[in-house]
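Peer 1: Here it is, the structure, as structure tokens.
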Amino acid sequence: MAVGVLALVAGTPTPPPSDVGGAVVAATPATPSTGSTSSPPTSSPPASTPTTTRAPTPSASPEASADGSARRPPTSADQVAFIEVGSVGIRTAVDARGLSADGTISPPRGTVMWFRGYGRVMPGLVGTSVVAGHVAIDGSPDVFAHLPEVRTGQRVRVGYKDGEVLDLRVVRTKIVDKSALQTDADVWGANSSSRRVVLITCDDAYGFRSDGHRVANFVAVAEVV
């Protein structure tokens with residue numbers, strides 16, 4: 001069984017299966033975006049699932065640079081070079097990926113990904129970017145092993161291949177049961193006003209399931225402030 005970072009069950013009116021191995025997030029966005037790497041849902045969410053509105057396609061609005069001039073972040077999916085959280089020693093390449101064959105958001109061992117689909121955007125654009133990595137695989141620490149040590153106010157940097165670097169600050173962190181993260185507004189809600197990067201991995205806080213995988217996720221929400 002693949003070890004997934006996010007188990008993303010699209011268009012399924014029932015909760016995600018409990019045996020999705022190692023999923024950092026069990027996520028069922030209420031409304032997918034056009035161009036998702038998965039098939040569009042064919043049914044609406046259950047009545048008990050909070051409804052979210054699909055975020056409009058974000059535009060690359062200019063950001064003021066240090067000298068007061070305006071610049072635009074790259075918009076091509078292959079232009080993100082790295083994600084850095086210096087306070088916990090993370091600096092890693094990040095790749096754009098969609099759902100894996102088993103329906104999970106699951107970067108390969110030793111890598112970090114930003115998720116393409118369900119209205120999520122490239123890191124740095126207006127909207128919400130979901131960046132996922134493993135805390136551990138088969139008992140060995142992985143790239144996001146120290147992500148749960150991140151605290152509010154610490155800096156997150158997104159680097160681009162053209163040399164530009166975008167600074168964000170962690171505005172909140174939380175530990176969330178994987179099933180609850182399916183409708184978490186920070187991760188899957190509409191966002192047309194801020195540049196948000198949500199960093200996600202597994203967390204030990206709620207213990208382990210019978211299959212050995214963690215019950216909870218650690219989530220760090222960073223925005224340009």
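Peer 1: Hey, fewest Cβ within 10 Å first, where do Asp142, Asp162 land in order?
Peer 2: Going from least to most buried by this count: Asp162, Asp142.
Peer 1: Give the residues of the range 120-137 whose amide nitrogen is closer than 13 Å to a point set 7 Å from the Cα of Ser192 in the direction of its Cβ.
Peer 2: 127
Peer 1: With the crude spin-label approximation of a point 7 Å out along Cα→Cβ, what separation in nm comes out for Asp177 versus Asp138?
Peer 2: Between Asp177 and Asp138, the simple spin-label model gives 3.2 nm.
Peer 1: For the range 72-225, compute the orientation-averaged projected area of the C-alpha convex hull (one quarter of its surface), in nm².
Peer 2: For the range 72-225, the mean projected area of the Cα convex hull comes to 8.7 nm².
Peer 1: Ok, one more. Please list, in order, the residues from the range 162-180 whose amide nitrogen is less than 15 Å from a point placed 7 Å along the Cα→Cβ vector of Val215.
Peer 2: Counting only backbone N, you get 175-180.
Peer 1: Then there's this: 7 Å from Cα along Cα→Cβ at both Thr92 and Ala205: what's the point-to-point distance in nm?
Peer 2: The answer from the label model is 2.0 nm.
Just so you know, all these numbers are worked out from the coordinates, no wet-lab data involved. Nothing here was measured: the structure is a model prediction, and the numbers come from that model. Neighbour counts are summed over all protein chains in view; Cβ atoms, including those assigned to glycine, are modelled from backbone coordinates with ideal geometry.
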